[in-house]
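Data first, discussion second: the structure below is written as structure tokens.
The values are calculated or read from the model by the stated rules, or taken from the named source; none is laboratory data. Values in this document were obtained by computation on a predicted structure and should not be read as measured data. Don't worry about glycine lacking a Cβ; one is built from the backbone with ideal geometry, like all the others, and counts go over all protein chains shown.
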Amino acid sequence: MALVNPKSFLLKARKNQKGICAFNTVNLETMEAIISAAEQTNTSIIVQVSEGAIKYAGLDNIVSIAKNFSKKYKIDFALNLDHGSSFEICKQCIDAGFTMVMLDLSKKSFEENVTETAKLVKYAHKKNVFVEAELGKLFGKEDLVENIESVFTDPVKAKEFIEKTNVDALAISVGTSHGAYKLKFVDGLKQDIIKQIAKDNKDTILVLHGASHIDLDTVEKINKLGGKLKSTSGISLEDEILAIQNGITKINIDSDLRLAYTYGVRKFLKENGEVFDIRNITKAGTTEIKEECIKKINYFSKLEK
């Protein structure tokens, strides 16, 4: 139906204790797989790109593809910059047509994070663009984002940050980590931190980054088809659903889609050694992405097992 600011459907989801999936894309084919999954499940979603994906596909190309799909598909979705590293890149995306941007200055001082985020919020809101920021640090590496330590978000600092910046959404560090090789937290996600931040900030969307499940069966199947993936670990679905019930609304998913695509392509090539049509090979991967998106939407937006 439209490329939209996600505030309305995110607030509705938070009120109903449901999760909204935010899927990372890198090109036309992966974006269409994500949006078609949203339409099939009749659920609004967020499509997001990293700075690395922008460098790969081109900013104007990404916006044009999103706008074209907003005419083709009958579902509302947002286009988000994931982990923007500066006010300047966020502004560039806003001016190009993004409906949401994330400014990640979690590595900077609290004061600098507040100042730059407040500056971005002021600019973005004039353009009807939704803003997400981050407080705390997630361990791990994914695309251009890397941290060698994990620092949990302080609820007191989170409340202060939100009040000073008027930010729409806040990504918090509660035990997840970026990439397919995640930390294994014995006690699971820090549900007490989620509860407290949600209680203190009722009108702010809370975000869970690094939330891929990392299905071990998929990893095993990839390796049987010639892959050489190391032992991996992800976040349990039960822990994530509890996090949604405690106040998380936006769930970021990237690694699961990469694994799904890799499995689809490897399986197709194994079974169709004579095929060299790029379209058929790519479709095998994006078909798996679509199925993975449908599965995640049913888990988090509809809370179906």
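Kindly establish whether THR249 is under 26 Å from GLU51 (Cα atoms) and part of a helix (DSSP H, G or I).
Working: under 26 Å from GLU51 (Cα atoms): yes; part of a helix (DSSP H, G or I): no.
So THR249 fails the test.
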(message) Please verify whether VAL167 is crowded, with 21+ Cβ neighbours inside 10 Å, at pLDDT 95 or above, in a loop (DSSP other than H, G, I, E, B) and at negative phi, treating the condition exactly as stated.
(response) yes
(request) Run down ASP217, ASP256, ASP192 and say which single residue is part of a helix (DSSP H, G or I) and surrounded by 19 or more Cβ atoms within 10 Å (Cβ to Cβ). (result) ASP256
(request) Filter segment 44-58 down to residues that are among the hydroxyl-bearing types (Ser, Thr, Tyr) and within 13 Å of ASP82 (Cβ to Cβ), then give me how many there are. (result) 1
(request) Starting from residues that are buried (at least 17 other Cβ atoms within 10 Å of the Cβ) and of a type in the set (D, E, K, R), keep the ones in segment 61-100 and report whichever is nearest to the chain's Cα centre (by Cα). (result) ASP82
(request) State which residue is surrounded by the most Cβ atoms within 10 Å (Cβ to Cβ) when the search covers only segment 270-287 and only residues that are without any contact (Cβ under 8 Å) to a residue 24 or more places away in the chain and part of a helix (DSSP H, G or I). (result) ALA284
(request) Test ILE244 against the stated conditions and say whether it is under 15 Å from the mean Cα position of the chain (by Cα), at pLDDT below 90 and either surrounded by fewer than 20 Cβ atoms within 10 Å (Cβ to Cβ) or hydrophobic (A, V, I, L, M, F, W, C) (or both). (result) no
(request) For ILE34, work out the one condition from (1) outside any helix (DSSP H, G or I); (2) buried (at least 17 other Cβ atoms within 10 Å of the Cβ) it doesn't fulfil. (result) (1)
(request) Test each condition in (1) out of contact with any Gly (no Cβ under 8 Å at 6 or more places or on another chain); (2) in contact (Cβ under 8 Å) with a residue 60 or more places away in the chain; (3) not basic (Lys, Arg) for SER255 and report the one that comes out false. (result) (1)
(request) Residues being charged (D, E, K, R), in contact with a strand residue (DSSP E or B) (Cβ under 9 Å, 6 or more places away or on another chain) and within 15 Å of GLY19 (Cα to Cα): count how many of those fall in segment 230-267. (result) 2
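What's the total number of residues in segment 42-85 that are of a type in the set (Lys, Arg) and outside any helix (DSSP H, G or I)? Before you say what the answer is, go through the steps one by one.
Just the residues of segment 42-85 that are of a type in the set (Lys, Arg), to begin with: 55, 67, 71-72, 74.
From what's left, outside any helix (DSSP H, G or I): 74.
Adding up the residues that qualify gives 1.
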(request) Among what's in segment 6-23 and is in a loop (DSSP other than H, G, I, E, B) and buried (at least 21 other Cβ atoms within 10 Å of the Cβ), pick the residue that is nearest to the chain's Cα centre (by Cα). (result) GLY19
(message) Suppose we filter GLU111, GLU132 for residues that are modelled with pLDDT of 70 or more and surrounded by 18 or more Cβ atoms within 10 Å (Cβ to Cβ); which single one remains?
(response) GLU132
